[in-house]
Amino acid sequence: MKFLLDSCISFFAVKALRERHFVVKWIPEAGKDPGDEEIIKRAFREDMVLVTADKDFGELVFLWEMEPPTIIRLVDIPARDQGKILLRLIEVYKTEIEKKVILTVEKYRVRIRYLYE
């Protein structure tokens, strides 16, 4: 499983995933943020799970009918907790993450939207 982490996701998440030997690309390490459209296209092209806190990616998928990668959206998750939350999500929702879904993660719930049934 490979991950593309948006610039709004903390280095704590990058570090936690890399420590578990996942392939992780983090937008800030690549230089200037290329914008949401390019980020979602890159995640799709490179078959990566996109992790963000930004709701704009869901809008791109549904309003513009873009080809989506799996998207994990962390809502109001403190930076220090993002890594451990992601690792727990991978453990519990591995099957769902491997499909084309949008997971919206809040403090007390996880919502899954299947893009293709």
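Read the figures in this text as sums done on the coordinates, not as results from a lab. The model shown is predicted, which means the values in this text are computed figures rather than measured ones. Neighbour counts are summed over all protein chains in view; Cβ atoms, including those assigned to glycine, are modelled from backbone coordinates with ideal geometry.
Quick notes on this structure:
- Computed over the chain: relative contact order in percent, which uses C-alpha pairs under 8 Å that are six or more apart: 27 percent
- Hz values of 3J(HN,Hα) by residue in the range 104-112 - Karplus curve (6.51, -1.76, 1.60), Gly and Pro given as x: 9, 10, 10, 4, 10, 7, 10, 10, 10
- Computed Rg/Rh of the range 1-57, alpha carbon atoms with Kirkwood Rh: 0.93
- Restricting the trypsin sites (Lys or Arg not before Pro) of the range 50-106 to loop positions (DSSP other than H, G, I, E, B) with no more than 15 neighbouring Cβ atoms within 10 Å leaves K55, K99.
- Stokes-Einstein D in µm²/s, Kirkwood radius over Cα pairs - the chain at 4 °C with 1.567 mPa s viscosity: 93 µm²/s
- Here the chain carries DSSP beta bridges of which approximately 25% are antiparallel, counting only pairs with both residues inside.
- A DSSP coil position with no more than 16 other Cβ atoms inside 10 Å describes the following GluC sites (Glu not before Pro) in the range 17-57: E46.
- At most 11 other Cβ within 10 Å, DSSP loop - chymotrypsin sites (Phe, Trp or Tyr not before Pro), the range 70-117: Y108, Y116
- Per-residue extension of 0.36 nm, minus the Cα-Cα distance of F11 and D47, leaves a gain of 10.8 nm for this segment.
- Between the range 72-108 and the range 4-24, the alpha-carbon center distance in angstrom: 12 Å
- Charge dipole magnitude, Cβ of K and R +1, D and E -1 - the chain, Cα centre, debye nearest 20: 540 debye
- GNM top mover of V101, V92, V75 - the chain, alpha-carbon springs below 10 Å: V92
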